[in-house]
Each structure stands twice: as C-alpha cells, then as structure tokens.
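Heads up, the thing below is written out as structure tokens.
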Amino acid sequence: MKRRDFLRLAGSAGVGMVGVNAFAEEAEQSARPQSTKTAADLTTPKMDKVRVGFIGVGARGSGHVASMLHIEGVEITAICDPHLPSANASVKRVVDAGRPAPAVFTSGQEDYKKLLDRNDVDIVLIATPWRQHTTQAVNAMNRGKHAFIEVPAATTIDECWRLVDTAEKTQRHCMMMENVNYGREELMVLNMCRMGLFGELLHAEAAYIHDLRGQMHEVGHGTGSWRTLEYTKRNGNLYPTHGLGPVAQYMNINRGDRLDFLSSVSSPARVREIYAKKTFKPDHPHANLKFVCGDINTTIAKTVNGKTLMIQWDEQLPRPYTRHNLIQGTKGVWGGFPNRVVIEGLSKDTDSWVQGAGLKEWFDKYDHPLWKSMGELAQKNGGHGGMDFIMLWRIIYCLRNGLPMDQDVYDAAVWSAIGPLSERSVSSRGRSVDVPDFTRGEWKTMKPLGIAKV
C-alpha cells in the first residue's frame, strides 16, 4: 500500500497517529522503474587491473588499505579522509610498499567527490560513519564507480531503496562488506548447508553481542566519537549484519526465500549511563548523555517460506563476545561461540555436542575450498582471523573475472533494514512489521549462493 493511500484510509477509519507513525514511517516501493534493470546476478566487464579509491581510512579503512597491498591486480590510486594523520598514514603505507603515491583528498567532508570524479578510480571502499554510507555510495555509482560499503550500508528504509534504485539504474556493483561471511567457521557451515548435512533448514540465531563501552572515551575522532551518539537517538538493533549475514546465506534469503515480517523488543537503557557516571568527570562530553537505546534488543523474524530467525544486538552489557551463528535443520544443528555440532547419523548421538578437539575431523572434512586454499595467506595478511583478506580477495577476483558478487545490493538492503524496522517495531510495543521485498520479486528465481573455488 502506498503511504498516501494508507494515510487516507487511516484518517477515514480514525486510526491514531501512533499507528500511522509505526506502520507508515517511510514509503515502501515494489515496482521497478521502467528505465532500470535488475541488479540480480549482476556482472560487469572483466578488469585486468582494479584501481581502488578509499573513502575513510581510520580504524577500519586503514586495514583495508593494508590488505589490498597483498592482492594481485590491485592499484591504490586515491585516498580520502578529512583526518590528515589517518590519510597520511595510509599514503605512507602504500609508498613504503613500493607503490606509487595515491592522490590524497583531505579538505573536508565533501572532498570525496573529487576522488569520485577521477578517471583512475574503478571502485571505492567506503569506511566512514554510518550516516554517510548511503550518500557516498549513491554518488559513487552515479559517477560510474562500483561501491563497496562498510556495515551497515544504510540506516533508514529510504536509504535502502536509494541503494537498490541506484544500483539497478547504473548497473554498478553495490556490496556491503560483511566480512563475517568469510570467516572460517561461517564458510565451513555454508559448505555443510550446501551439502545438505543439516537437512531442511528451519531456524537460525544470529547476534552481535560485543561490549563496546570503551569507545565512549573517543571524543573528536575515532569510532566512539560518532557511534556513541547513535545510542542517544535510536532504540532497536543498530548493528544487525555481522550475525545475520552468514545465516541469511545459509537460508538462501533473497535467493529462493525472503524475510517476510519481524517483531522486536528492547530492554531498558541502563549500562552506558552507569558507565559514564562511573568513568568520566562531569565535564566530559559523554558524561551526561541521555541514552535511549535498550541495552539488548531481540528481534524475531519469519520468512515467506515459514522459516524463523532470532537476531540479537547488545554493545554495552558486560558479557563475552558472541555472534551466536546457529543454524538448525531437520537432521542437525551447528552452534557457534563456542563452536559445536550435532548431526543425526554423523554424531555419536544427539544428546551431546561434538566440540573442542572433536571438531578437528569436521574441519578437515568440510572446510570451505576458499579457506583450504587461502587460509594461511589470509591469516597472515588480513584482520579478524583472515576473514577481511578473503573478503577483499574475493571482491577483486570477481571483478577481474566478470563474476557476480557473493553479496549484492539486495543483501545490503535487507540486512541493513533490520535496524530501522526493529526501531519501528520497538516503538509500537513489538508489533510485527513487514520487511520490504527489495528484490521486487527476483528472489523467487535467484539461485542460492554457490561454493566458490580458487
């Protein structure tokens, strides 16, 4: 239903503004404009060399620069960051590696547009604060560049549609760089799913639970300088993709199935205020902030084909890191953190987990081909246990060979959309909220992600 039609009907039926705000916050789209094509399974001409520009080379982007220097076929031609020390550090890294010095853009937040106008930039890697991601990616695609965005790709449903519409119009790749999909365990579980070892997949659990209160010390520069403020403005799952990305690929979301609706609730917001009062002096910029985002959010989603997902988020409570990474099928289950598995017929019984040293034979047998071939190199040259390197290597490989990306703009949109959709549901007492079909029906015919080989 169009937003204007909903508002008209709501007014005639006497629906209160609470309902209007909850269920018609932003216009949803479905029909593809006649002037555009789908971006499903998008391929572009093979590139002999991939000329890369970086927008943002702080904590995250600088790691991408380092990894790209170890990937064949890459030329780093431009770097943009208004923080001069960060920009200079990455330029020095490139030069110290024996490469030509890239062009540098440091004159404010809009200087990245000069990078986009260069003819020696084919793709851009965007590692900036969340609220800049969509605008920078849209501008990149409109200038003929492929856009690779840090997570989340968008913070509103309107932004999700802007990414989809622009990728379809320009026929440029728009990939959210969800690195966790390239972790060793996640790749192996994907391989096991494709082999049918778990049977029919029915349920998944995903999370990003990570105590990040320490970021509140960052003021003026650094992730915490802007991320801390997000918790004062929004209440929902603000960072859904690290846990969701892998299980969405296991379950063929957007490729044979899609998320249909979700319901979300948040706990009270307590711990950041406690931490601030205990840690900071009264004149610290973060000492007296009013935090509105619940300390832990739980979202339950269902797919069109009836499968279920639980997605959790918590960046402040004192507890060990976890992404859950659980997938349950009719024949067995894999659970992460710690890794453990039970599969009927392969495990001794279904009453006790195979875990710890007992998993070695499982990794030996079911490791993903990418990890078997590149694991040692990845651990040496990439962050987060090697997943960052494999992700970037795979991006370059696909571009140089004219292949579709493992994650496309529709994945970027639906995985990111959990954020604003959870906010809607939380604000309306956990009522269910429909998940837009960003593929506009293409999910029915798109093939599941295959097992890439080197």
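The values are calculated or read from the model by the stated rules, or taken from the named source; none is laboratory data. Predicted model only: the values in this text are computed from it and were never measured. Counting neighbours? That spans all protein chains shown, and the Cβs are built from the backbone with ideal geometry, glycine included. Heavy atoms of the whole protein, side chains included, go into the accessibility calculation; ligands, DNA and RNA do not. Shrake-Rupley method; radii C 1.70, N 1.55, O 1.52, S 1.80 Å.
Rounded to the nearest Å, what's the spacing between the alpha carbon centres of the range 268-295 and the range 153-227? Just the number, please.
Using only Cα atoms, the two centres lie 27 Å from each other.
Counting pairs of alpha carbon atoms under 8 Å apart in space and at least six apart in sequence, what relative contact order in percent does the range 169-278 give? Don't skip to the answer; put the middle values down first.
On the way: 57 pairs, mean separation 35.4, N = 110.
It comes to 32 percent, rounded to a whole number.
Leaving ligands, DNA and RNA out of it, work out the accessible area of residue 326 with a 1.4 Å probe and give it in Å² to the nearest 10.
30 Å²
Rank 197, 244, 229 by accessible area, highest first, at a 1.4 Å probe radius?
Numbers: 197 30, 244 0, 229 65 Å².
Ranked from most to least accessible, the order is 229, 197, 244.
Multiplying the sequence separation of residue 261 and residue 384 by 0.36 nm and subtracting their Cα-Cα distance, what value in nm do you get? The partial results should precede the final answer.
Details: separation 123, 0.36 × 123 = 44.28 nm, distance 3.19 nm.
So the chain would gain 41.1 nm between residue 261 and residue 384.
Which three semi-axes in whole Å describe the equivalent ellipsoid of the range 175-332, each the square root of 5 times a Cα gyration tensor eigenvalue, listed largest first? Mind showing how you got there, number by number?
Values: eigenvalues 239, 48, 32 Å².
Ellipsoid semi-axes (Å, largest first): 35, 16, 13.
May I have the extent of the alpha carbons of the range 64-125 along their three principal axes, as whole Å values ordered from largest to smallest?
30, 25, 17
Using a 7 Å offset from the Cα along the Cα-to-Cβ direction at both residue 119 and residue 347, what is the distance between the two label points in nm, to one decimal?
Going by the 7 Å Cα→Cβ label model, 6.1 nm.
Taking 0.36 nm per residue of sequence separation and subtracting the Cα-Cα distance, how much length would be gained by fully extending the chain between residue 377 and residue 232, in nm to one decimal?
Working: separation 145, 0.36 × 145 = 52.20 nm, distance 4.11 nm.
Residue separation times 0.36 nm, minus the Cα-Cα distance, leaves 48.1 nm.
Given Cα pairs under 8 Å that are at least 6 residues apart, what percent is the relative contact order of the chain? Each step should come with its number before you reach the end.
Numbers: 941 pairs, mean separation 100.1, N = 454.
Result for the chain is 22 percent.
Could you grab the relative contact order for the range 236-369? Cα pairs under 8 Å, six or more apart, rounded to a whole percent. Intermediate values should be presented prior to the final figure.
Working: 181 pairs, mean separation 27.2, N = 134.
It comes to 20 percent, rounded to a whole number.
If I compute solvent accessible area with a 1.4 Å probe over the protein chains, what percent of it on the chain is carbon and sulfur? Intermediate results must be reported in sequence, preceding the final value.
Numbers: 9600 of 19080 Å².
Ligands and nucleic acids excluded, carbon and sulfur give 50 percent.
Once each part is reduced to its C-alpha centroid, what is the distance from the range 80-139 to the range 307-364 in angstrom?
39 Å
Return one whole number: the accessible area per residue of the chain in Å², for a 1.4 Å probe. Mind showing how you got there, number by number?
Working: 19080 Å² over 454 residues.
Accessible area per residue: 42 Å².
Straight distance only, please: which lysines reach the Cα of residue 444 with their own Cα at less than 16 Å, same-chain residues fewer than 8 apart left out?
Counting by Cα, and skipping residues close in sequence, residue 444 has these lysines nearby: 307.
For residue 233, give me every one of the lysines with a C-alpha distance below 19 angstrom, ignoring sequence neighbours fewer than eight places off in its own chain.
Result set, ordered by chain and number: 290.
Quick one: go through the range 152-195 and flag any residue whose amide nitrogen is under 14 Å from the point 7 Å out along the Cα-to-Cβ line of residue 363.
The answer is 183-189, whose backbone nitrogens lie closer than 14 Å to the label point.
Run the paramagnetic zone check for residue 75: 7 angstrom along Cα to Cβ, then residues of the range 46-69 with backbone nitrogen under 20 Å.
What the label zone holds, given the 20 Å backbone N cut-off, is 46-55, 65-69.
Tell me the GluC sites (Glu not before Pro) within the range 185-289 that lie in a loop according to DSSP and have at most 12 other beta-carbon atoms within 10 Å. Can you show the working numbers first?
Numbers: sites: 185, 186, 200, 205, 218, 230, 273; in loops: 200, 218.
When the GluC sites (Glu not before Pro) of the range 185-289 are filtered for loop state and at most 12 Cβ neighbours within 10 Å, 200 remain.
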